[in-house]
Amino acid sequence: MPNLNLAYADPPYLGCGERLYGYPEWDSPERHKKLIEFLQDTYPDGWAMSLHTPSISVIAPMLPSDIRWAAWVKPFAVFRPGVNPAYAWEPVVWRGGRTKRSRKMDTVRDWHSEVIAMKRGVPGAKPPGFAAWIVALLGADVRHGDTITDLFHGSGAMLGVWRAGEVPHA
């Protein structure tokens, strides 16, 4: 089984770059388009990317036609005054990865339910279970020599899952 070179991107969400991270360039749709092109060119084996629901209509036309949509459903999320209904899910897109899986492997769902990460030191930090789910969506497996690059490593959840060798789908 060939080893895969994969990536996960959790960029500052469109419209949140300056306000939450001090990176105004991420408030431009063009910057997100460049990221998608980079992912396609640099990681042809597969990649996943997080985004938020307000940006779907802008980012969706930039995506390749063979992507798949998934959802991170947050049973507990931050409920902001005046925002109703709450933003309690986030879209994830992914393409490629290891698609051939034996019947002995668990089936990976295109949704994941887990509460938000709290006090991780970075706005929008993802919990470890979310990172393990991304690994599973891509079919990444450290035992096969696969690599997964976390382009926006923030809290380090992806690296922690990968180093631990957690393979929830094997």
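The values are calculated or read from the model by the stated rules, or taken from the named source; none is laboratory data. All figures in this text were calculated on a predicted structure; none of them were measured in a lab. FYI the Cβ positions are ideal-geometry reconstructions off the backbone, even for glycines, and counts take in every protein chain you see.
Please pick out the residue among Val108, Val115 that is modelled with pLDDT of 80 or more, over 12 Å from the mean Cα position of the chain (by Cα), of a type in the set (A, V, I, L, M, F, W, C) and crowded, with 16+ Cβ neighbours inside 10 Å.
Exactly one residue qualifies, and that residue is Val108.
Pairs under 9 Å by beta carbon, first residue of a type in the set (Asp, Glu) in the range 80-108, partner outside any loop (DSSP other than H, G, I, E, B) and surrounded by 10 or more Cβ atoms within 10 Å (Cβ to Cβ), six or more apart or different chains?
Glu90/Ser50; Glu90/Thr53; Glu90/Ala71; Glu90/Trp72; Glu90/Val73; Asp106/Ala136
Only one residue in Leu4, Leu39, Leu35, Leu51 is aliphatic (A, V, I, L, M) and touching a Gly at 6+ places or on another chain (Cβ under 8 Å), so which one is that?
Answer to the selection: Leu4.
Residue-by-condition table, conditions (1) over 21 Å from Trp47 (Cβ atoms); (2) at pLDDT 80 or above:
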{"site": "Trp89", "(1), (2)": "no, yes"}
{"site": "Arg101", "(1), (2)": "no, no"}
{"site": "Pro123", "(1), (2)": "yes, no"}
{"site": "Pro128", "(1), (2)": "no, yes"}
{"site": "Ala136", "(1), (2)": "no, yes"}
{"site": "Thr149", "(1), (2)": "no, yes"}
{"site": "Phe152", "(1), (2)": "no, yes"}
{"site": "Ala157", "(1), (2)": "no, no"}
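In the range 8-16, is there at least one residue being at positive phi and surrounded by 15 or more Cβ atoms within 10 Å (Cβ to Cβ)?
yes
Go through the range 23-66 and give me each residue that's in contact (Cβ under 8 Å) with a residue 40 or more places away in the chain, aliphatic (A, V, I, L, M) and surrounded by fewer than 16 Cβ atoms within 10 Å (Cβ to Cβ).
Within the range 23-66, Val58 is the sole residue that qualifies.
Let me spell it out: the conditions are (1) modelled with pLDDT of 95 or more; (2) exposed (fewer than 12 other Cβ atoms within 10 Å of the Cβ), and Trp69 meets all of them except one. Which number is the exception?
All conditions pass for Trp69, except number (2).
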